[in-house]
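Participant: Dropping the structure in here first, questions after.
The values are calculated or read from the model by the stated rules, or taken from the named source; none is laboratory data. The structure displayed is predicted, hence computed values, not measured ones. Note that we place each Cβ from the backbone using ideal geometry, even for glycine, and neighbour counts take in every protein chain shown. Ligands, DNA and RNA are stripped out before the accessible areas are found, and what is left, the full protein with its side chains, is counted by its heavy atoms. Shrake-Rupley method; radii C 1.70, N 1.55, O 1.52, S 1.80 Å.
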Amino acid sequence: MAEIFVENEKAYKRRRLISNIVTFGFLSLVAIGILIPFYWMILTSLKSIQEIESVPPILWLNFSDWKITNYTDLFLTVQSGERAGEPLFPFFTYMKNTVLISFLTTLGTIITTILAAFAFARLNFKGKDTLFAVLLATMMVPGEIFILTNFLTINQFGWYDILTQTYTEAVLAMTIPFMISVFYVFYLRQTFRKIPDELYFAAKVDGTSDFKYLLKIMIPIAMPTIVTIIILNSMGAWSAYIWPAMVTTQDKYRLVSNGLRGAFTDTTGRTDYGQQMAAATLVTVPLIILFFTFRKQIMRGVGRSGIKG
Amino acid sequence: MKKFVLLLVTFVIALAFAGCVNVGTTASTTAGTQETTTLQLAEELPDEEVEITFWHIYGTDKTALLDQMIAEFEAMYPNVTITDTSQTDYNTLREKINMGISVDQVPTMALGYPDHFAGYIEADAVLKLDDYINNTTEYEITNSSSSIFGETVTIGLDLDDFVASYLEENSQYEGGYYYSLPFSKSTETMAVNVDVLKAHLTEIRAAGITISDNGFLSHDVPLTYAQIEALADIIVDTNGTNTTTSKCEYLLNYDSSGNMFINMSRQWNAPYTNTDGEILIDNDTTKSMLQYVQDLFLNNTLALPIAWDQSYGSTNFKYGDVCMSVGSTAGVNYNIPTDADTQENLQFGQFQVDFVPVPQFVATEGDSFTVSIDGTDSTFTGSLSAVQQGPNIGIFSSASSAEKLYAWLFLKYLIETDNTAKWAMNTGYLPARLSSYSSEAAIDLTASYSTNYADFLQIAKDFWDADGEVTWATTDVRWNYLYSSMVANIAQSQNTYYQYDPAFAAGTNSAGSATARVEAGYCLENIYIGTLASGSSYNPNTALNTMLNQLTW
Amino acid sequence: MEKRNNLKAWLYLAPLLILMGIFIFYPLINAFYISILEEYRPLAPGGATATGYTLSNFARILNDELFWQAIKNTFVVAFISVPISILISLVIAVSLNSIPKLKALYQTVFFLPYVTNAIAIGMAFAFMFHKDYGLINLMLSWLGIDPVNWVGNVATWWAQMGALLVYTIWGGLAFKILVFTSGLQNIDKQYYDAAKIDSASKWTVFRRITVPLLSPFILYISITSMIGALKAYRTVIGLFGERLGAQQNSMITIVAYVYKYRSAYQDVSAISYAASAAIILFFITVVFSLIQGVVSRKRVHY
């Protein structure tokens, strides 16, 4: 008996080793594919214009060839004139705006999403399926079609006035229309639906209200999904471009993406990609830190008990 | 299914409430309906607090000079505040103004291309400037805190001082009124690889082309396409660039295929578009022109940047794949090979670059020229033409009379002689005013180097006079401005035959002039691709048809 | 879900629906409206005008060769990229879940596409697909395959589509992996322990346990990525620029078609036409969502 057990153990170990090698090999291969563009961004951020143009492309730069000025130039200040002392590229202002917009939009989105997902997953009401289908269909319409009408609406609300727009109004105009996401309602609904009905009925028997049940039971259980939504949604503000440019009247209200697009283009319309990528890399750093910080929350297993398969 | 019908009904009901469009009115072309009554200006310069918003697209690093001019203007008129804002790019700028027009949220004044203004004019939103230009009112500055206290300011503007084609561009709209004035102007010039030319001096001279001992072509007389074809015979090696024989794979690259189409149409007197928005490209002259161009593509005389899958040809000019390259004056320095380039890429090393006028078909306006198309000689009447590009500034009509007046004064200040010269030197744009060429106003180009426009132009002249053999020290600051100075001189020599592109906004059945330019570029690119790939369905006829289909419907 | 509770449900939905009403349904209805206007001139002096109602915009689109090219491209992108990317990301998520070490590192790496600058991604892919110096052709050469002109100006339609598909699949991986890994956390370990006792093969476990238990997430991902694929636009711009293909418009998609009339024509006058195209797109999706809904009702395990 004992010998057989040892044999099995050995075979098992060997099999596991092989399977581990295969798994790591596969993951590493994909990881390399994933990393290339990211590496390219950092590499480009350290190149001069001539190096970027070089054919064949330069794949590796020695430390001594790094064009650090692509980064340091971002923090130069205007030397003379009315704006003397102000930064050439108002990196920190853009960052501050972006973080604020990102935070508010995400907060709004998560509230509307949780409430709606709860209704769709847990409550029973007339026209539920139709409504859900309609909401899904709206995801399909390209956003640019909405811009004209939404711009007029924002103006109706008094949030867009060339002379008097305040920071608050600009922030409202940039956030309120984006506090909705059918995409995430759908996602969260899928998670909510996996929570067993027994929990709900048990809570009902105890006299727990729906809202309390949502708050105390469902949200904690669905936390990984919610954190995922939070992270993904906060990225949105980093790439939003057209709308923020549309509804802000002043440069100092704008977001990083607007700055990235506008600041590094010369009079011929050519872009200084090196400097643009340097700024892009700097902007990416907080996002990676954010992901890394919350990674555990996303990946943490939910409490084992009571989760239906 | 029932639900779906219900849904549809809901939508139809909702439609009834949607928007506030005046349906049923006949769409009339109401452009330029502004009353033509003479402008009545106040007796005294208004002294109320006036706030002027000016929208442009210049990034923070380029606005230093603009800010300085604003500060100077505000010191002259202490009751005026000017807020300038960059709207990041032309599309955003234009769309914000278009949307803003319907809710009365437009800036006091804005930068824009002629087709932008054509659109604003259709909405009756831009101010006709003729009333100010021709006004004879004078004001004495009585505000003691003004920097020009006691001086007299005039409202009128002397248009004779402006480059003629800029004026035509800004008054091409219905009624021939000025709705904008030129601000940042550029054109195209041709970069030349002097080292390659120098290696073929005898052959080039034998072909009847004037060239200096060091390989410099004429800077006043443009090459003709007949000469270009002769040069191609001498310089092009279709097998690839060869440094031993000093030959390039292609002769001449044209950066902007859109400009090439438009400018060549002009040079051939081939109808293109007009200010009414009509697309006129479906004609025999245009077809002949495209066939001729295709022939030049086929024998490597002409190339487009897509030959190298690039957007611009400057890199491949530096690398020696092509020996001449037509590009915007604003992008001069991209053509110069330097230490910063990867040296093994530079097939001809760090060769000498020169700039000359863009090639023409005729030497004088109205001459005829003969070209061989598919082996048959055809004769056409030619015109001289070089493209002019760059934005203008206009004022919106919704502003109050005081705002309009000060906006006008500010516009006038921005384009006055010295400021125009400063702006040109600072940005690389070309002066819109003739007097700016002799302006004495100096500008600090670097912390230690200050110059005025005449001296700036002199840098290239000195260089050319010495046939490139100047004795400047390597640290001489003039080296930094040599090439900018070259193109500024070439631009000046071309400014008698600049041509503007007719501007019009999109109608309900046809595209606007900006799209026409883009499609014109694709048309040439399609022909080019047709010459590269045997399986391609594009030839001059199909490419022209595709272009027509894209522009009208 | 025994009894109906209409009022309460609508109360929970209210915040979402109010906002959607203002910023999505209202503009959508407006787009419907604009799409049927004849000679719509939004900027006419004194307010927007139109000469009447018409369906000619729709007729024109359906008669436009370019529109059918867009339909074809879009469908090919959607039907090929969606299944492949789901399969790849599922395998990655499961593999990630099974490794004991370095999980954090890999997870972060797989998340990177989400935060990499779009322009940088475009540039990197342009390099990877370069005919002479690109990585892809280098790898093909190891396999003895001749270099392919992927995105160059004379590239064939399939070569361009291949590049576009790789780009699309790559771009969608991060999100899908994230959803699947977080979904895997919700699966009770007991199932796997049971499988281990039965000494089921990995493939069996994957097919019999992982996929069924992940089915709500697979459904979610397949619907949303189908919608995403039908909306493909940025990928085309990223790879081919405004020319929308190696040859003009050769890779045009439906959304690109809409934007072409919305922004390339840069004029609100062309908006009726763009709106009509968007509405057509809208109906195509509605149909897809309905089909997918019907199919999935039978297959998804809750």
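Participant: For the range C:187-240 and the range B:340-386, what is the separation of their Cα centres, given in Å?
Facilitator: 60 Å
Participant: Below 8 Å between Cα atoms, with a sequence gap of 6+, how large is the relative contact order for the range A:91-299 in percent?
Facilitator: Taking the mean separation of contacting Cα pairs over the length of the range A:91-299, I get 33 percent.
Participant: Need one number: convex hull volume per residue for the range A:56-143, Cα atoms only, in Å³. If you can, show how the numbers build up before the last one.
Facilitator: Details: hull volume 23.2 nm³, N = 88.
So the per-residue Cα hull volume is 264 Å³.
Participant: Test of understanding: express the Cα radius of gyration of the range B:124-173 as a ratio to 2.2 N^0.38 Å, with N the residue count.
Facilitator: For the range B:124-173, the normalised Cα radius of gyration is 1.52.
Participant: Same structure again: Take every Cα pair under 8 Å in chain C that's 6+ residues apart, average their separations, divide by the length, and report that relative contact order as a whole percent.
Facilitator: 26 percent
Participant: A follow-up question, please. What Kirkwood Rh does chain B have if only Cα atoms enter the pairwise 1/r average? Answer in Å.
Facilitator: Evaluated over chain B, this radius sits at 25.8 Å.
Participant: Put simply, what bits of the range C:147-196 lose 40 Å² or more of accessible area when the other protein chains are there, versus the chain on its own (1.4 Å probe)?
Facilitator: The answer is C:Asn153, C:Val154, C:Trp170, C:Phe175, C:Leu178, C:Ser182, C:Gln185, C:Asn186, C:Asp188 - residues whose exposure falls by at least 40 Å² when every protein chain is included.
Participant: Could you compute how much accessible surface A:Phe292 exposes when probed at 1.4 Å, giving the result in Å² to the nearest 10?
Facilitator: So the heavy atoms of A:Phe292 present about 110 Å² to solvent.
Participant: Order B:Val518, B:Val477, B:Val353 by their accessible area, 1.4 angstrom probe, all chains in place, largest first.
Facilitator: Details: B:Val518 70, B:Val477 35, B:Val353 0 Å².
Most to least solvent-accessible, the answer reads B:Val518, B:Val477, B:Val353.
Participant: Please give the average number of partner chain Cβ atoms lying within 10 Å of the Cβ of each residue in A:207-214, rounded to a whole number.
Facilitator: Values: counts 0, 0, 0, 5, 3, 0, 0, 1.
For peptide A:207-214, the averaged partner shielding equals 1.
Participant: State, in angstrom, two size descriptors of the range C:120-210 derived from its alpha carbons: Rg to one decimal place and Dmax to the nearest whole number.
Facilitator: Gyration radius and largest Cα-Cα distance of the range C:120-210: 19.9, 58 Å.
Participant: Let me ask something else about it. Could you compute Rg(Cα) / (2.2 N^0.38 Å) for the range C:81-163, with N its residue count?
Facilitator: Cα Rg divided by the expected 2.2 N^0.38 Å: 1.35.
Participant: Applying a 10 Å radius around every beta-carbon, put C:57-63, C:129-135, C:219-225 in order of their mean neighbour count, most first.
Facilitator: Numbers: C:57-63: 16.0, C:129-135: 18.0, C:219-225: 21.3.
Peptide ranking by packing, descending: C:219-225, C:129-135, C:57-63.
Participant: Over the range B:185-313, what percent of the accessible surface lies on carbon and sulfur atoms, probe 1.4 Å?
Facilitator: Details: 1860 of 4490 Å².
C and S atoms contribute 41 percent here.
Participant: Find the sum over both chains of the accessible area lost when C and A are paired, probe 1.4 Å, and report it in Å² to the nearest 100.
Facilitator: Heavy-atom accessible area buried at this interface is about 9300 Å².
Participant: For the pair B:Asp89 and B:Glu440, what calculated FRET efficiency results from E = 1/(1 + (r/R0)^6), where r is the Cβ-Cβ distance and R0 = 41 Å, to the nearest 0.05? Don't skip to the end; give the middle numbers.
Facilitator: Values: r = 36 Å, r/R0 = 0.87.
Efficiency at R0 = 41 Å is approximately 0.70.
Participant: Please list B:275-283, A:58-66 highest first by mean number of surrounding beta-carbon atoms within 10 Å per residue.
Facilitator: For the peptides B:275-283, A:58-66, the packing ranking is B:275-283, A:58-66.
Participant: Charges at C-beta only: +1 for Lys and Arg, -1 for Asp and Glu. How large is the resulting dipole of chain B about its Cα centre, in Debye rounded to 20?
Facilitator: 1660 debye
Participant: Taking loop as defined by DSSP and a crowding limit of 14 other beta carbons within 10 Å, which chymotrypsin sites (Phe, Trp or Tyr not before Pro) in the range B:448-477 fit? Walk me through the numbers on the way to the answer.
Facilitator: Details: sites: B:Tyr449, B:Tyr453, B:Phe456, B:Phe463, B:Trp464, B:Trp472; in loops: B:Tyr449, B:Trp472.
Those that pass, being in a loop and sparsely packed, are B:Tyr449, B:Trp472.
Participant: In Å and whole numbers, how far do the C-alpha atoms of the range C:66-299 stretch along each principal axis, longest first?
Facilitator: Extents along the principal axes: 66, 45, 29 Å.
Participant: Here is a further query. Can you show me the helix-derived [θ] at 222 nm for chain B, built from DSSP H runs with n ≥ 4 at -39,500 (n - 2.57) apiece and divided by the number of residues, rounded to the nearest 500.
Facilitator: Value at 222 nm, helices only: -11500 deg cm²/dmol.
Participant: If you count, for each residue, the other Cβ atoms within 10 Å and average over each peptide, how do B:319-329, C:117-127, A:100-110, C:65-75 line up from highest to lowest?
Facilitator: Result, highest mean first: B:319-329, C:117-127, A:100-110, C:65-75.
Participant: Roughly how many Å is it from the Cα centre of the range B:278-301 to that of the range B:108-178, as a whole number?
Facilitator: 39 Å
Participant: What FRET efficiency comes out for B:Tyr413 versus A:Thr166 if R0 is 41 angstrom and r is the Cβ-Cβ distance? Round to the nearest 0.05.
Facilitator: Step by step, r from the Cβ atoms, then E = 0.85.
Participant: Right, another one. How much FRET efficiency would the formula 1/(1 + (r/R0)^6) give for A:Phe294 and C:Phe206, where r is the Cβ-Cβ distance and R0 is 30 Å, rounded to 0.05?
Facilitator: Calculated value: 0.60.
Participant: Can you give the accessible area buried between chains B and C, summed over both chains, with a 1.4 Å probe, in Å² to the nearest 100? Write down the numbers at each step before the final one.
Facilitator: Numbers: alone 24630 and 18940 Å², together 39700 Å².
Buried surface at the B/C interface: approximately 3900 Å².
Participant: Based on DSSP, what percent of beta bridges with both residues in the protein assembly as shown are antiparallel, to the nearest 5?
Facilitator: 65 percent
Participant: Right, here's the next one. What are the extents of the Cα atoms of the range B:498-539 along their three principal axes, in Å, largest first?
Facilitator: 37, 31, 10
Participant: Here's another thing I want to ask about it. Translational D (Stokes-Einstein, µm²/s) of the range A:2-75 at 4 °C and 1.567 mPa s when Rh comes from the Kirkwood sum over C-alpha pairs?
Facilitator: The Stokes-Einstein estimate is 80 µm²/s.
Participant: Moving to a separate point now. On a 0 to 90° scale, report how tilted helix C:157-184 is relative to the longest principal axis of chain C, with both axes built from alpha carbons and the result rounded to the nearest 10.
Facilitator: 60 degrees
Participant: Given just the C-alpha atoms of the range B:278-390, how large is their convex hull per residue in cubic angstrom?
Facilitator: Values: hull volume 17.5 nm³, N = 113.
Per-residue hull volume (Cα only) is 155 Å³.
Participant: Can you pull the mean other chain C-beta count within 10 Å for peptide A:105-116? Display every interim value, and only then the final one.
Facilitator: Working: counts 0, 0, 0, 2, 2, 0, 2, 9, 2, 3, 6, 8.
The per-residue average across the peptide is 3.
Participant: Continuing with the same structure: Enter the mean projected area of the convex hull around the alpha-carbon atoms of the protein assembly as shown, in nm², rounded to one decimal. Spell out each step's value before the answer.
Facilitator: Values: hull surface 205.3 nm².
That works out to 51.3 nm², a quarter of the Cα hull's surface.
Participant: By what distance, in whole Å, do the Cα atoms of the range B:211-348 stretch along each of the three principal axes, largest value first?
Facilitator: 51, 31, 29
Participant: Sticking with this one: With the Cα gyration tensor of chain A in hand, convert its eigenvalues to equivalent ellipsoid semi-axes via √(5λ) and list them largest first in whole Å.
Facilitator: They are 42, 35, 16 Å, listed from largest to smallest.
Participant: Let me ask something additional. Please report the relative contact order for chain B, taking Cα pairs under 8 Å with a sequence separation of at least 6, and give it as a percent rounded to a whole number. Could you put the intermediate results ahead of the total?
Facilitator: Numbers: 961 pairs, mean separation 105.3, N = 553.
After rounding, I find 19 percent.
Participant: Note the angle between two axes, namely the Cα long axis of helix B:540-551 and the longest principal axis of the Cα atoms of chain B, as a number of degrees from 0 to 90, rounded to the nearest 10.
Facilitator: 10 degrees
Participant: Right, another one. Which order do A:Arg254, A:Arg270 take when ranked by solvent-accessible area (1.4 Å probe, heavy atoms of all protein chains), largest first?
Facilitator: A:Arg270, A:Arg254
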